[in-house]
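This report concerns only the one structure given below.
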Amino acid sequence: MVARRLPFWPLLRVLHRALRIGLWAEMKPLLRDRLFPVKISATKEEHSSAAALFHMATGYWVSQAIYVAAKLGIADLLKDGPQSYVILAARTGADAPSLFRLMRALASVGVFSHVGEDCFALSRLAESLLTDAPASLRAMVITIGEIHYQACGNLLHSVQTGAPAFNNLFGTNLFDYLRQNAAAGEAFNQGMTDLSSLLAYALLIAYDFSGVSSIVDVGGGEGELLRKILELNPRMVGAVLDMPSTIEKVHQELNGKARIGPCSYIAGDFFDSVPEGADAYLLAGVIHDWDDDRAKTILRNCRRAMAEGGKVLVVDMVVPKNGAKSFSKLLDLNMLVMTGGRERTEAEFRTLLDASGYELTRIIPTLAPQSIIEAVPKSTRYA
């Protein structure tokens, strides 16, 4: 059954505790952009179908322009007020006339504002390119503009072969590449960390964690998502499981400590095993990375490890039926080229979970594009 309304009490509880412990500034972008989304002024010109298709086909012009602005750190330079393109060029080492053309183009679609003849300023959209913004997308835009952009340019290979274009282009899989290339890995991990804060608030508003005393964030990266969940549920303890390279970085940032407060960090491989004995196993943006066989392996490992009465919480987009418009259908193409994974429909999630020893109990929408797919072990022990 798909829950259609966000529950009132989790929302009230999260807002109350966020205000008490000073997290309102981080939550505000999620609520603001969900309740009052940015509207870019549309042209009054009526487009023919050919013009509309051409507009779609040239969409990468805009995406690459945003990437270049993110890479140059333009938003950070405009944080204190408008600047002329000449000054921006001098501070970024760019060619001044070319930077003007970039900024003019971005201002025309609502990213930055064109002020007077030669100055530019932050717009509401551009605020998300600030490095230290609570809802910063700068690192994510950089990783999208680099490795994702290159892999997507090889989409034809994936469609013809069914294999990830990324592997064909870079000679290795995504996760090995990120471990071997520090700059790409840093941008990717920082982008995921930035998104995790907003996702955490979306989950907390939608889902009542009050009955969960222990939780494992499987494939949880640097732990930002779990830390936010624990901050707003102070009676809960948790652990982040991720690859040794990721956990080693966290330990270095914690001066060698393996835990901070109620959150511990464990190096491992979820294809081998996961920490035992937790009430809940969180798989946020993990299952969609993998094909069905490898997804089953992860889910079965969680099934074997969980405490009696435990559950798994899969956080992914749910692809709607038939011709309904949904970003999940485009993200599904991205998973095809990047990892060979996929976004799934409700029926596909049910089949996957059933084959892994679970019964799907609820699908809960959130303020984020992702939903929470809750599942519990079948009554018969699954081996």
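Could you please let me know if K329 is modelled with pLDDT under 95 and either part of a loop (DSSP other than H, G, I, E, B) or under 16 Å from the mean Cα position of the chain (by Cα) (or both)? When the stated conditions are applied, K329 does not pass them. Taken over the range 124-137, residues that are of a type in the set (S, T, N, Q) and surrounded by fewer than 21 Cβ atoms within 10 Å (Cβ to Cβ) amount to 1. Before we move on, is M243 touching a Gly at 6+ places or on another chain (Cβ under 6 Å) and among the aliphatic types (A, V, I, L, M)? When the stated conditions are applied, M243 does not pass them.
Condition test on L88, is it in a helix (DSSP H, G or I), in contact (Cβ under 8 Å) with a residue 24 or more places away in the chain and aliphatic (A, V, I, L, M)? Against the criterion (in a helix (DSSP H, G or I), in contact (Cβ under 8 Å) with a residue 24 or more places away in the chain and aliphatic (A, V, I, L, M)), L88 qualifies. When we screen M306, M317 for residues that are touching a helix residue (DSSP H, G or I) at 6+ places or on another chain (Cβ under 9 Å) and on the phi < 0 side of the Ramachandran plot, the only hit is M317. Just one residue in the set R138, R124, R91, R104 is at pLDDT below 95 and not assigned by TED's automatic domain parsing to the domain that holds E222; that residue is R124. Considering the conditions (1) within 27 Å of L174 (Cα to Cα); (2) without any contact (Cβ under 8 Å) to a residue 24 or more places away in the chain; (3) assigned to a loop (DSSP other than H, G, I, E, B), R342 is excluded by exactly one of them, (2).
Within the range 212-227, the set of residues being touching a residue at least 40 places away in the same chain (Cβ under 8 Å) and over 13 Å from A278 (Cβ atoms) comprises G219, G223, L225.
The residues in the range 113-140 that are under 13 Å from A75 (Cα atoms) and assigned to a helix (DSSP H, G or I) can be counted, and the count is 6.
One residue alone among F166, F188 is closer than 19 Å to L333 by Cβ, surrounded by 22 or more Cβ atoms within 10 Å (Cβ to Cβ) and within 12 Å of the chain's Cα centre (by Cα), and that residue is F188. The set of residues in the range 280-301 being among the aromatic types (F, W, Y) and more than 19 Å from S214 (Cα to Cα) consists of W290 alone. Tell me, please, whether a residue that is part of a helix (DSSP H, G or I), at pLDDT below 95 and over 16 Å from M140 (Cα atoms) can be found in the range 151-164. Within the range 151-164 (the criterion being part of a helix (DSSP H, G or I), at pLDDT below 95 and over 16 Å from M140 (Cα atoms)), the answer is no, since none of the residues qualifies. For L336, the requirement of being over 26 Å from S213 (Cα atoms) and assigned to a helix (DSSP H, G or I) is met. Looking at the range 243-319, the strands (runs of 3 or more DSSP E) lying wholly inside it that each contain 2 or more residues that are in contact (Cβ under 8 Å) with a residue 60 or more places away in the chain and not β-branched (V, I, T) sit at 280-284, 311-316.
The values are calculated or read from the model by the stated rules, or taken from the named source; none is laboratory data. Small disclaimer: the values here were computed from a predicted structure and weren't measured. Virtual Cβ from ideal backbone geometry, glycine too; neighbours counted across all protein chains shown.
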